[in-house]
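Shown next, in structure tokens, is the structure this report addresses.
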Amino acid sequence: MRKKLIAALLAAACCCVAFTGCTSITSGTVVDKRYNEAYDSVWYWKTENLMIPQTRHHEAEYRLQLQDTIDGKAKTDWITVSEEVYNQYQISDLYP
């Protein structure tokens, strides 16, 4: 059991290292915009004979998709920004 836990933790750590090795874009041309409004999600914990609701609030999310050329290749990535910054940029604007 302990070996399986260690193996799972190592696999998770390898995935984290692999994904953080990707180049993140911090500037470029805005190619898309997305707004996700705030919402609440509910799930239920089951005890012996009782269901207990758990509510989680998710804040509104403002995202810009940027495109830039890195090492001769076009790269795109989403960044999360404030509502104020989101409203300042239109598609095809240069960020920042």
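The values are calculated or read from the model by the stated rules, or taken from the named source; none is laboratory data. Quick caveat, the model's predicted, so the values are computed rather than measured. Cβ atoms come from the backbone with ideal geometry, glycine included; neighbour counts cover every protein chain shown. Just the protein is used for accessible areas: all its heavy atoms, side chains included, with ligands, DNA and RNA removed. Shrake-Rupley method; radii C 1.70, N 1.55, O 1.52, S 1.80 Å.
Scan region 12-20 and give yes if some residue there is at pLDDT 95 or above, more than 25 Å from GLN90 (Cβ to Cβ) and hydroxyl-bearing (Ser, Thr, Tyr), otherwise no. Steps first, answer last, please.
Applying the first criterion (at pLDDT 95 or above) to region 12-20 yields none.
Among the residues of region 12-20, not one is at pLDDT 95 or above, more than 25 Å from GLN90 (Cβ to Cβ) and hydroxyl-bearing (Ser, Thr, Tyr), which makes the answer no.
Which of the residues belonging to region 69-96 are of a type in the set (S, T, N, Q) and over 15 Å from THR26 (Cβ atoms)?
Pass one, region 69-96, residues of a type in the set (S, T, N, Q): 69, 76, 80, 82, 87-88, 90, 92.
Those that are of a type in the set (S, T, N, Q) and over 15 Å from THR26 (Cβ atoms): SER82, ASN87, GLN88, GLN90, SER92.
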Query raised in the report: In region 53-71, is there at least one residue being assigned to a strand (DSSP E or B), at pLDDT below 95, hydrophobic (A, V, I, L, M, F, W, C) and surrounded by 11 or more Cβ atoms within 10 Å (Cβ to Cβ)?
Result: yes
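For the subset of region 72-96 comprising residues that are part of a strand (DSSP E or B) and in contact (Cβ under 8 Å) with a residue 40 or more places away in the chain, which member is least open to solvent (accessible area, probe 1.4 Å)? Talk me through it step by step, then tell me what you get.
Looking only at region 72-96, we keep the residues that are part of a strand (DSSP E or B), and these are 73-81, 94-95.
If we keep only those that are in contact (Cβ under 8 Å) with a residue 40 or more places away in the chain as well, we get 75-79, 94-95.
Values: LYS75: 76, THR76: 76, ASP77: 48, TRP78: 63, ILE79: 29, LEU94: 128, TYR95: 47 Å².
Among those that are part of a strand (DSSP E or B) and in contact (Cβ under 8 Å) with a residue 40 or more places away in the chain, it is ILE79.
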